[in-house]
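These notes concern the structure reproduced below.
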Amino acid sequence: MAEFNIDQNTTDGNETANGIFGVIKPVVQRIDNQVEAVRKSQLELRAKIEEVSSDLQRISEEQPVNVNFDPYIRRLINSKRRVTLINNIIQNVHDRLERLQRSAEQETNRVKTIVQAESALINVTHGETSDHS
């Protein structure tokens with residue numbers, strides 16, 4: 001009966017470690033995918049801002065127009081800076097998520113190793129006790 005409990009403890013420990021990792025991993029992956037999608041859209045937005053800015057600059061230089069495009073070009077440049085800043089923040093979040101996922105995997109493996117070591121120790125101790133009886 002004691003051996004059943006030892007096996008049950010090992011199974012419970014592995015299930016707990018797998019359960020924790022099983023909960024964390026999909027959440028981290030879902031957030032990671034969303035971060036990647038936002039990064040991609042930010043890069044596309046930045047490229048479009050650059051395109052519009054250069055078009056406005058070119059139009060302003062080629063054709064004398066009564067409209068002064070300089071304030072609009074400055075706004076676009078400021079928007080581009082903000083997009084770049086947001087992209088850097090998103091990249092940092094992405095890096096943190098990757099580190100969190102690695103930590104979760106390492107912790108799961110550590111818990112599994114501890115549970116297996118404890119089980120082996122209990123089995124050895126139980127075996128030694130049975131031999132002396």
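Over all Cα pairs of the stretch 50-110, how is the pair count split among 10 Å bins, expressed in % and running from 0 up to the last occupied bin?
Result, from short to long distances: 20, 27, 17, 14, 12, 7, 3, 0 percent.
Would you list which lysines come within 23 Å of LYS40, measuring only between C-alpha atoms, while excluding same-chain residues fewer than 8 positions from it?
Straight-distance partners of LYS40: LYS25, LYS48, LYS80.
Report the calculated FRET efficiency for ILE114 and VAL93 (r = Cβ-Cβ distance, R0 = 30 Å), to the nearest 0.05. Walk me through the numbers before you get to the answer.
Working: r = 31 Å, r/R0 = 1.03.
Using R0 = 30 Å, I get an efficiency of 0.45.
When the Karplus curve 6.51 cos²θ - 1.76 cosθ + 1.60 is applied with θ = phi - 60°, which whole-Hz ³J(HN,Hα) does each residue of the stretch 41-47 get, with x for Gly and Pro?
For the stretch 41-47, the Karplus-derived couplings read 5, 5, 5, 5, 4, 4, 5 Hz, x marking Gly and Pro.
If we count every other residue with Cβ under 12 angstrom of GLN106's Cβ, Lys/Arg +1 and Asp/Glu -1, where does the sum land?
Values: positive: ARG99, ARG102, ARG110, LYS112; negative: GLU105, GLU107.
Here the charged neighbours net out to +2.
What does the extension gain come out to for GLN63 and GLU105, with contour length at 0.36 nm per residue minus their alpha carbon separation? Mind showing how you got there, number by number?
Details: separation 42, 0.36 × 42 = 15.12 nm, distance 6.06 nm.
Between GLN63 and GLU105, full extension yields an extra 9.1 nm.
Here, each number is a calculation from the coordinates, and none is a lab measurement. No experiment lies behind these values; they were computed from the predicted model shown. Neighbour counts are summed over all protein chains in view; Cβ atoms, including those assigned to glycine, are modelled from backbone coordinates with ideal geometry.
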